[in-house]
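A short write-up of the structure that comes next.
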Amino acid sequence: MNIEEKENTSVPFIKITGLQKYYGQFQALHDVNLTIGKGQVLALIGPSGSGKSTLVRCINLLEQYQKGTIEVDGIVVKDGRNLSKVRAEVGMVFQQFNLFPHMSALRNVAIAPVRVRGMSWEEAEKKALTLLERVGLTAHAHKRPSQLSGGQQQRVAIARALAMEPQVLLFDEPTSALDPEMVGEVLDVIQKVAETGVTMLIVTHEMSFARRVSDRVIFMEQGRVIEDSPPDEFFGSSPRTDRAQLFIRSVLQGHGDLPVPAATLAIE
Ligand code: ADP
């Protein structure tokens, strides 16, 4: 990150206050409060079911929430209000790449600017080619998703998200569906995007990547933010909570997600 971008991080850009989210009777998020500076990169980590995905999905209105507020660049994110404004500012990359199977990589990247922004196909495809070059896929621009590897498909999905020039990019376990040998190529692309100053929230189980790429590590458990620390503090000197220490140890030993203890699963 260069000096200018570092200075940007002091400007509050996303404000999440008292966020509570229920699925029926089940409370998935409990009083989440986060202020994120412009250009900051947050790694969201924690055991499976701790609410990481729910949190990022609330930020781009893929999920409704019941209490609290979310603001992105001054836009209130709530109830389908401002939906098009929110979607214009906030891009998302999913675990499953969600590309249109009948379209080439190029069309997959070009289609949103055409449909949403009214850009001409010619202009959108020109831009899409530049983005595909950025993610190292120039030679594959005319292939359909089924002709691409998982890693290549995810890089197309990243180029597609970038095509809308989002201010914020959300990544929901972007490498979880990939064969291990393809994880690195996707993480390299995400790291390059992070260096451009886009504000990013990345749900990931890749701890060394989280340490390398993020400005802040957010550790969640049972719908709560338990820790919010600089990566070197979180991974270097041990994290503050026992639970986070246990989680990291478990992930580093290759056990993946820790189960949530039964005693802590009670619905409040
Ligand atoms: P994470 O991303 O940390 O694995 P999630 O946000 O996916 O966690 O899930 C948080 C909790 O909410 C989990 O207990 C999960 O079972 C529950 N949950 C997620 N999505 C739904 C849904 N659509 N309906 C009901 N419960 C859900």
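The values are calculated or read from the model by the stated rules, or taken from the named source; none is laboratory data. The shown structure was predicted, so the numbers you read here are calculated from the model rather than taken from an experiment. We place every Cβ from the backbone using ideal geometry, glycine too, and count neighbours over all the protein chains shown. The accessibility values were calculated without ligands, DNA or RNA, using every heavy atom of the protein model including side chains. Shrake-Rupley method; radii C 1.70, N 1.55, O 1.52, S 1.80 Å.
Given only helices, namely DSSP H runs of n ≥ 4 each adding -39500 (n - 2.57), what is the per-residue ellipticity at 222 nm of the chain, to the nearest 500 deg cm²/dmol?
After summing the helix terms and dividing by residue count, I get -10500 deg cm²/dmol.
Taking the Cα atoms of segment 119-223 alone, what are Rg (to one decimal) and Dmax (as a whole number) in Å?
My reading of the Cα-based Rg and Dmax gives 14.5, 48 Å.
Measuring with a 1.4 Å probe in the full set of protein chains, what accessible area per residue, in whole Å², belongs to the chain?
For the chain, the per-residue accessible area is 46 Å².
If you average 1/r over all unlike Cα pairs in segment 69-109 and invert the result, what Kirkwood radius do you get in angstrom?
Mean inverse Cα-Cα distance, inverted, gives 12.3 Å.
So which aspartates and glutamates can K127 reach, going by Cα to Cα under 14 Å and dropping same-chain residues fewer than 8 places off?
E165
How compact is segment 117-171 by the rule of thumb for globular proteins, expressed as Cα Rg over 2.2 N^0.38 Å?
Normalised Cα radius of gyration, segment 117-171: 1.13.
Where Rh is the Kirkwood radius over the Cα pairs of the chain, the temperature 20 °C and the viscosity 1.002 mPa s, what D in µm²/s does Stokes-Einstein return?
112
Roughly what % of Cα-Cα distances in segment 96-143 sit above 14 Å, to the whole percent?
Of all Cα-Cα distances in segment 96-143, 47 percent exceed 14 Å.
With springs only between Cα atoms under 10 Å, which of V189, V56, V41 fluctuates most in a Gaussian network model of the chain?
Looking only at V189, V56, V41, the largest GNM fluctuation is found for V189.
Would you list which lysines come within 24 Å of K38, measuring only between C-alpha atoms, while excluding same-chain residues fewer than 8 positions from it?
The reachable lysines, counting only those whose Cα sits under 24 Å from K38, are K6, K15, K52, K78, K85, K192.
I need the shape label for segment 1-110. Rule: rounded when a/c is under 1.5, else prolate if a/b > b/c, else oblate, with a, b, c from the alpha carbon gyration tensor.
The shape class here is oblate.
What relative contact order, as a whole-number percentage, does segment 14-132 give when Cα pairs under 8 Å and 6 or more residues apart are counted?
So the answer I get is 20 percent.
Dividing the alpha-carbon radius of gyration of segment 52-181 by 2.2 N^0.38 Å (N being the number of residues), what value is obtained?
1.09
What's the carbon and sulfur percent of segment 30-101's accessible surface, probe 1.4 angstrom, rounded to a whole number?
Percent of accessible area from carbon and sulfur atoms in segment 30-101: 48.
Toward the positive end of the charge dipole of segment 44-162, about the Cα centre and with charges on Cβ (Lys, Arg +1; Asp, Glu -1), which of A124, Q96, A112 goes farthest?
Working it through, the farthest residue towards the positive pole turns out to be Q96.
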